[in-house]
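As structure tokens, the structure follows; a few thoughts come after it.
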Amino acid sequence: MYSDRSDADQDLVSADSGFVDLFDAQDVQGCPVFAVDDRFDSEVSFFDEVLTDRAYTVSLQYKLYVHCKFVKFEKPTDSTTGRDHVAATQAKTRVTLSRERVLRAAVALADADGIESLTMRALGRELGVEAMSLYNHVANKDDLLDGMVDVAVLEIELPAPGAGWRVAMRRRAVSAHAMYARHPWANVLIDSRRSPSPARFRYYNAVIGSLRQAGFSIEMSAHAFSVLDSYIKGFALQQTSMSFEDEEQLTKAAAELFRVIAVDYPYLAEMTKHTLDTGHKYEDQFEFGLDLILDALERIRGIAGSET
């Protein structure tokens, strides 16, 4: 501890209102240098508050305002130094990554900003890490996209064992439709991936198995799978391209359309007016079309069964 106030004052160095890191500063008679500014009217005695394991106390001759840049400080244990304690504190806040966390962050980013916004650098920023850290969990961009598709596919409800084929196909279709609404990017990616995927294989196998167990021939199972998936994906694609930010925006657009077409296009105007009057939503059309397809498949299955 200083015995003379003037000695302490001489050792406290001004840093022109800059900032000095707590442990990177030069030591002055064993005490770190702090940035000071004599424009403020505050009397400061701070070493006991900041470095609780050191016995330095400085009384300043002048009234000074002290700027210090340091991490939120906790008292070090007896077995660690101040610098070691800061390193331990920083280690606690270090981001812990896993493949699942990387994939889910990528899905969220693509959902929010579109698949075209997804880059390794953008994903790294989202997770608070350098882009190179991601390659510990995904081999490359293709591996990332494969994993994202798997995340999306796992959200689709699979046909339950023993469930009737129509109930199973309907629930599967509604679930897939909801998934595509959450992840519009998956509509394009899901059929473009070429890497083997247990998640996608399990999904396709469960759907085909439900149809085959219900008595559909292998050829009719292929037709049924194709027509159902084409409807699900096509509807989702059209819905995405027609989407408005909210119902108010849709209502305004329909009202403006009605004004333009009211005279020359009477049938279209009638349909537009019906939509405005009833609050009918395009989303509501999905299950109507789905039931038409299932009805047709049921009739075909019955005809095929009667012929065998």
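Computed from the coordinates by the stated procedures, all read-outs in this text should not be read as laboratory data. None of these values were measured; they are calculated from a predicted model. Every residue, glycine as well, gets a Cβ built from its backbone with ideal geometry; the counts of neighbours run over all protein chains shown.
Assigning unit charges at the beta carbon (Lys, Arg +1; Asp, Glu -1) and nothing else, what dipole magnitude in debye, to the nearest 20, does the stretch 95-138 show about its Cα centre?
Roughly 160 debye for the stretch 95-138.
Which order do peptides 282-293, 119-130, 177-188 fall in by mean Cβ count within 10 Å, highest first?
177-188, 119-130, 282-293
Pull out the extension gain between Ala131 and Tyr267, defined as 0.36 nm times the separation in residues minus the alpha carbon to alpha carbon distance; nm, one decimal.
Contour length minus Cα-Cα distance gives 43.4 nm.
I'd like the FRET efficiency for Asp191 and Glu219, computed as 1/(1 + (r/R0)^6) with the beta carbon distance as r and R0 of 25 Å, rounded to 0.05.
0.75
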